[in-house]
1. Computed over the Cα atoms of the range B:355-400, what is the convex hull's projected area averaged over all directions, in nm²?
2. Fewest to most neighbouring Cβ within 10 Å: what's the order for B:304, A:31, B:60?
3. If you take the square roots of the eigenvalues of the alpha-carbon gyration tensor of the range B:212-295 and sort them as a ≥ b ≥ c, do you get rounded (a/c under 1.5), prolate (a/b over b/c) or oblate?
4. Across the range A:2-138, how large is the tail of the calculated P(r) beyond 18 Å, expressed as a percent of all Cα pairs?
5. Does the range B:190-233 classify as rounded, prolate or oblate by the C-alpha gyration tensor (a ≥ b ≥ c root eigenvalues; a/c under 1.5 gives rounded; else a/b over b/c gives prolate, otherwise oblate)?
6. Over the C-alpha atoms of the range B:238-357, what are the Rg and the largest Cα-to-Cα span, Dmax, in Å?
7. Would you please calculate the Kirkwood hydrodynamic radius of the protein assembly as shown over all C-alpha pairs and express it in Å, rounded to one decimal?
8. When each pair of different Cα atoms in the range B:100-167 is counted once in the 1/r mean, what is the Kirkwood radius in angstroms, to one decimal?
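All of the numbers you see were taken from the coordinates with simple rules; none came from a lab. Quick caveat: nothing in here was measured; it's all calculated off a predicted structure. Heads up, the Cβs are rebuilt from the backbone with ideal geometry, glycines too, and the neighbour counts pull from every protein chain shown.
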């Protein structure tokens, strides 16, 4: 059971985060906090999503999720990023009943197991919600996603 | 004093038979909420099945029985903490409400104004910090606080400067919910007396675990909650010296707290009724009374001694695991059965999740005491907390779990 949560891919992103660290220039920034556990993440995006930088503090799920987000969405056309974003949110809110689209979600399919742990879904979503706000502030037009 | 028969005690707690994720339940989260013995559950069921009626307002038999049981619970709780009279016990929803009751009424009762000072500590649970912050915002009074030493004790080095002639009230945690520290408040109480300040103690983590005498503590008020001492949720208490409660204005207005009411004006009942507006948590109070009976029959000295043994064992066991850092006092002396720790390189959320997979239930996070986490430079901690039903085998299960955590994240 627990192995479904702590997939090798997740532990690898946690121990070796991709693209971590806040960078300039950026067009939008958002800082999100999970008040129940104190996890936090800051995300910066350029208007064309050519760079997504981040920093954070928290559990393996929230921090690996930020790393995967960086890898999946950086340099992707905004419309495509919105589709991936929506698919990830849907997967997380699916209570483990949704078959993830590996082609669309890449390493993020490893988070499918998280959806079975309601207390941890918010950990996985934390960077994605921060990204949504940062993108809106940057005027990334097509990232109209609902959560 | 007889020692605690833990096997016999455990048989009284139905939930301890449960399995979690295929493992026997190892419940190490009693500082969060304790489990409930059958005796408490039976008392509440009996109340609802045989004696249910509203209190303090019915002439009928059931109403009289309910009132007798409710007031009987008040007397039991009063005796349990050595109060001078049952009328010194105000039933509340929980400790937070008890502290808020004092914080809300003290603006008027203490005539607080800019220049006055309220003193707390960095070790407080948010429930003994936020109400005082709000009070200071409303009145212009200044909030000041004791710091924490590196070994997790109150830093009293600035006592005379912190508690001074401007201090109106000192409100301190008696036993830390995160570090386990038992604060010896005698010097602070003596200093408060010297300058004429009142003293409130947050006893949420001490009344359930230590023999308590309000006279011995020397405080003016204490707050505690039923659900951490084998009782149900929804019932707590504020104890206050009768002459102080007498001078305090009402907190919540409504039924039961009045003397006479006209359309223009109301006069108020004496304490404790003055502070118990509306229908109270009747069955919950009766459940708390049964919990107090249960603890008294075991003898709180025996409960405390058992927890000291478990705590000593846990501190030693955790210290033997590489990469584990324990926060707070390193030995069981002056320490309650709450042990918070860090596992190197692993976030507490992940520690708690993997332990849960093995049936070991601990709390992770900031434990409603973020300033304590900040003081020790961490965002969160993993906390194991013990009670009268905790065994050394459960501590061994915790240790095996922590070793497993280290392997998963190795």
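1. With the hull built on Cα positions only, its mean projection is 4.0 nm².
2. Values: B:304 19, A:31 14, B:60 9.
Final ranking by Cβ density, sparse to dense: B:60, A:31, B:304.
3. Numbers: a/c = 3.24, a/b = 1.48, b/c = 2.18.
Taking the square roots of the gyration eigenvalues as a ≥ b ≥ c, the range B:212-295 is oblate.
4. That fraction is 49 percent.
5. prolate
6. When restricted to Cα atoms, the range B:238-357 yields Rg and Dmax of 23.4, 70 Å.
7. With all distinct Cα pairs of the protein assembly as shown included, I get 25.8 Å.
8. 12.6 Å
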